[in-house]
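Following: one structure in structure tokens, then a few remarks.
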Amino acid sequence: MIPFLDLKRINEPYQARISAATERVIQSGWYVLGKEVQSFEQQFAHYCGTRHCIGVANGLEALTLVLKAWDFPAGSEVIVPANAYIASVLSVTHAGLTPVWVEPDPQTYLLDPTRIEAAITSRTRAILPVHLYGRCCDMTPIMDLARYYNLNVLEDAAQAHGALYAGRPAGCLGHAAGWSFYPSKNLGAIGDAGAITTNDDGLADRLRAWRNYGSAQRYVNDYAGHNSRLDEVQAAVLSVKLPSLAADNERRRALARLYLAGLGPTVLLPPADQIDSDAWHLFVVRVPDDGQTTSRRDALRAYLREREIGTDVHYPIPPHRQRAYAAYANASLPISEQLHREVVSLPLNPSLTDADVEHVIDAVNQFGR
Ligand SMILES: *Cc1c(COP(=O)(O)O)cnc(C)c1O
């Protein structure tokens, strides 16, 4: 049996050190925004090559707080990939801004820089590239456009811990980046946690206030802020796991190489031109949809489920087709809609053995024979 994700098994190598770190925090008598948070913030900023890291409650808060701290006029537009995770879009609307959907590149599933310019209006203030599945967006043309049109760029790096673009780490490529340490991410806490990385000193100062009721000085409030503080236990756990992130990602790359070499023509493979730069948060293949009423993708999932192999879909419904965004239901985004019908994620995480992945490969290759 190969579950899609077994978090207990993923955390097993750290179990003793996580328990010790947790105990240390309990004994300290200081539980929220203390020296564990400060220490993790320093280490993670160093990892990302930024001057600042601000620990917050989760990934959605990280993105929302940056957009709020940028203080754009109400109704300003933010360019988002149409096949984003719902949280990326929620951050835009939570900040009182308007999402403008741009179709992804069908080869990489990432925001397509060649389609951005046509979506820019006089109200556009920011671009929100999502480094989906662990691969960085093509940031050079995105930053060139941002410079030309005077836009801010917020990386959604929640799936890209340790991913590189032209040799530089995710998180230092835009003006700010939002991170999630949800337990299933490449760097995962044992609960909710998030962070923002940035080189902007003024923004970092404002965010430290924004996450704490908008208050830099106790009982003095400069902004109508959030309670979005990172707690000491999560920061201590993240400090235990961060030193192993590079090795974990190497393991993910080794398993991705097995998949790329072994999977036959029943599925379309993800791009393999940057194996060593991508963080392989997910291994996403496509099962071409032949327009029949029963989806071939769902048939593959059922076939694998019978063989006790877990899969998942990231994501089954595009944000503009969610009831939460009914106002956008008539948007025409055919590339995203096709991707949502065809994508399926195969098991890939550092707790899997080569034999596990070979077993999944054999099962996928036998499908439809
Ligand atoms: C997980 C995730 C988020 C949200 O993170 P939370 O910590 O769950 O709020 C945002 N964007 C992407 C791309 C994600 O994968």
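The values are calculated or read from the model by the stated rules, or taken from the named source; none is laboratory data. For clarity, every value in this text was computed on a predicted model and none was experimentally measured. All Cβ positions, glycine included, derive from the backbone under ideal geometry; neighbour counts span all protein chains shown. Just so you know, the surface numbers come from the protein's heavy atoms only, side chains and all, with ligands and any DNA or RNA stripped out. Shrake-Rupley method; radii C 1.70, N 1.55, O 1.52, S 1.80 Å.
One table, with the values for the structure above:
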| item | result |
| --- | --- |
| Kirkwood Rh and Cα Rg combined as Rg over Rh, evaluated for the stretch 159-211 | 1.01 |
| Span per principal axis, largest first, for the Cα atoms of the stretch 170-248 (Å) | 43, 28, 16 |
| Loop-resident sites, the stretch 172-247, for chymotrypsin sites (Phe, Trp or Tyr not before Pro), counting at most 12 other Cβ within 10 Å (DSSP) | Tyr219 |
| By average C-beta atoms within 10 angstrom, highest first, the peptides 61-73, 133-145 | 61-73, 133-145 |
| Pairwise label distance in nanometres, Asp289 with Ala224, each label 7 Å out on the Cα-Cβ vector | 4.0 |
| Trypsin sites (Lys or Arg not before Pro) within the stretch 12-50, DSSP loop, no more than 11 other Cβ atoms inside 10 Å | none |
| Compactness of the stretch 244-368 as Cα Rg over 2.2 N^0.38 Å, two decimals | 1.14 |
| Residue-count net charge about Ile2 - beta-carbon cut-off 12 Å; Lys, Arg +1, Asp, Glu -1 | -2 |
| Gain in span if fully extended, Val32 to Asp6, counting 0.36 nm per residue against the direct Cα distance | 6.5 nm |
| Kirkwood-Stokes translational diffusion coefficient of the chain, alpha-carbon pairs, 37 °C, 0.692 mPa s, µm²/s | 155 |
| Surrounding net charge for Gly310, when Lys and Arg each add one and Asp and Glu each subtract one, Cβ distance under 14 Å | -1 |
| Apportionment of accessible area to carbon and sulfur, the chain, percent (1.4 Å) | 51 |
| Loop-resident sites, the stretch 138-225, for trypsin sites (Lys or Arg not before Pro), counting at most 16 other Cβ within 10 Å (DSSP) | Arg218 |
| Ordering of 5-15, 156-166, 88-98 by burial proxy (mean other Cβ atoms within 10 Å per residue, highest first) | 156-166, 88-98, 5-15 |
| Options Ala118, Asn186, Tyr149, ranked by Cα towards positive dipole end of the stretch 87-191, top entry (Cβ charges) | Asn186 |
| Protection proxy ranking of 307-320, 256-269 - average other beta-carbon atoms within 10 Å, highest first | 307-320, 256-269 |
| Per residue accessible area of the chain, 1.4 Å probe, in Å² | 43 |
| Helix-derived mean residue ellipticity, 222 nm - over the chain, DSSP H n ≥ 4, -39500 (n - 2.57), to 500 | -11000 deg cm²/dmol |
